[in-house]
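First comes the structure, then the notes that go with it.
Only the coordinates and a few stated rules stand behind these numbers; no lab work does. Computed from a predicted structure; not experimentally measured. Glycine gets a Cβ as well: all are built from the backbone with ideal geometry, and neighbour counts include every protein chain shown.
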Amino acid sequence: MRLLCHCTICQAFNRQPYADVTAFWAGSITLRVGHQIEFKRYRPPPAARRGHCRSCSAPVVEFLRLAPFVQLAFVPSKLFPDQGALPPPALHIFYHRRLGDIADDLPKVSGYWASELAVMKRVLASIADA
Ligand SMILES: [Zn+2]
């Protein structure tokens, strides 16, 4: 699932109006031994660990616990060499924090809990489909 997040943390972390990230199950992401990613904890949004590159400080991965057994990893979409392999963006979240209106046909979810819920619903749907 690919998300466009307008929350203020994403804005600061990515130094962009919003973050374009692709979500994975946290367990499917393996960090290499000796990786050069530095993690910081943020809260809220819910317990998140955001990792950026030690040398260029670009965002690399974010681990987010949505529920006790649901942990996701978000990777900036632009980091993937094969952009064609990514799903199209599914929706905008934290749209109430937007720096400017976005002209596209994607759903735009405003509000903290509504945004969390929108992601959670899609996560649950993907479990049901599996
Ligand atoms: Zn965000």
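Charging the Cβ of each Asp and Glu at -1 and of each Lys and Arg at +1, and nothing else, the dipole of the stretch 51-113 about its Cα centre rounds to 280 debye. What you get for the chain, charging only the Cβ of Lys and Arg (+1) and of Asp and Glu (-1), is a dipole of about 520 debye around the Cα centre.
Cα centroids of the stretch 111-130 and the stretch 1-71: how far apart, whole angstrom? If you average the Cα positions of each part, the centres end up 17 Å apart.
Each label point was placed 7 Å from the Cα along the Cα-to-Cβ direction; for Asp101 and Val33 their separation is 5.5 nm.
The gain in end-to-end length when the Ala125 to Ala90 segment is fully stretched comes to 11.3 nm, 0.36 nm per residue minus the alpha carbon separation. Across the stretch 102-111, rounded Karplus estimates of 3J(HN,Hα) from the backbone phi angles (6.51 cos²θ - 1.76 cosθ + 1.60, θ = phi - 60°) give 10, 9, 8, 8, 6, x, 10, 9, 9, x Hz, Gly and Pro being marked x.
3J(HN,Hα) couplings calculated from phi for the stretch 24-36 with the Karplus curve 6.51 cos²θ - 1.76 cosθ + 1.60 (θ = phi - 60°) are, in sequence order, 10, 5, 4, x, 8, 9, 10, 8, 5, 4, x, 4, 10 Hz; Gly and Pro show x. Between the residues Ser28, Ala58, His6, the greatest Cα displacement towards the positive end of the dipole of the chain, with unit charges on the Cβ of Lys, Arg, Asp and Glu, is found for Ala58.
For the stretch 71-130, the square roots of the Cα gyration tensor eigenvalues, ordered a ≥ b ≥ c, give a/c of at least 1.5 with a/b no greater than b/c, which places it in the oblate category.
Close amide H pairs (under 5 Å, H built 1.01 Å from N) link Val109 with His92, Ile93, Phe94, Tyr95, residues at least 5 positions away or on another chain. Annotation: the antiparallel percentage among DSSP beta bridges lying fully within the stretch 2-129 is about 85. Can you classify the chain as rounded, prolate or oblate using the Cα gyration tensor, where a ≥ b ≥ c are the square roots of its eigenvalues, rounded means a/c under 1.5, and otherwise it's prolate if a/b beats b/c and oblate if not? It comes out rounded by the Cα gyration axes.
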